[in-house]
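None of the figures in this text is laboratory data; all of them are computed from the coordinates on show. Small disclaimer: the values here were computed from a predicted structure and weren't measured. Cβ: placed from backbone, ideal geometry, glycine included. Neighbour counts: every protein chain shown.
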Amino acid sequence: MRILLLNGPNLNLLGSREPQIYGRDTLAEILSRVEKRAAELGAEIVAHQDNSEGAMIDFIQKHQSEAEGLIINAGGYTHTSIALRDAIAGSGLRAVEVHLSNVYARESFRHTSMLAGVCAGMIAGLGWRGYIYALEWLVAAAKEDGKE
Ligand code: DQA
């Protein structure tokens, strides 16, 4: 079972970027925790981070046929990108939107997600563990569908 993990713009700077909001863990540290949990669940993570919207769409299109789910933190593109929304919808993948911070407790422009309507659900405000919870749910849902 393969799960895609896609992080968007500025998330490459986790650890040093506004740590009071996003925490002190680097993306590499978070990724290794997600990969460890995936291994325990019998799943494999295909991870990518990109600052560019088109490259994020390319990643989804490239891997959509070989995966059972998508975990996506699209960063600022969450609030603007109809193109990413279309890519998720077109992929047919079961997707979970993750945000480290509670976007609803922040500026009003973060209260709108272009992606939420094409994702099964959203986890926001639970820090890096949100990726783990998204993974656990996606694996459980795929297993219920009879996927190995
Ligand atoms: C974020 C929230 C977004 O509003 C912001 O643009 C980010 C990170 C989060 O993980 O909390 O880059 O997606």
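Quick notes on this structure:
- In the elastic network of the chain, a GNM with C-alpha springs shorter than 10 Å, the most mobile of 107, 97, 35 is 107.
- Taking the convex hull of the alpha carbon positions in the chain and averaging its projected area over all directions gives 7.7 nm².
- Label-to-label distance, nm, for residues given as residue 46 and residue 16 (7 Å Cα→Cβ offset): 3.1
- Basic side chains Lys and Arg get +1 at the Cβ, acidic Asp and Glu get -1 at the Cβ, and with that the dipole of the chain about its Cα centre reaches some 300 debye.
- Length-normalised contact order for region 3-148 - Cα pairs under 8 Å, 6+ apart - percent: 26
- When the Gaussian network model of the chain links Cα atoms closer than 10 Å, the mean-square fluctuations of 101, 32, 91 top out at 32.
- Across the chain, the longest run free of exposed loop sites, meaning trypsin sites (Lys or Arg not before Pro) lying outside DSSP classes H, G, I, E and B with no more than 15 other Cβ atoms within 10 Å, spans 25-105.
- Whole-Hz Karplus values for region 53-69 come out as 4, x, 5, 5, 5, 4, 4, 4, 4, 5, 10, 4, 7, 10, 10, 9, x Hz, taken residue by residue from phi with 6.51 cos²θ - 1.76 cosθ + 1.60 and θ = phi - 60°; glycine and proline positions read x.
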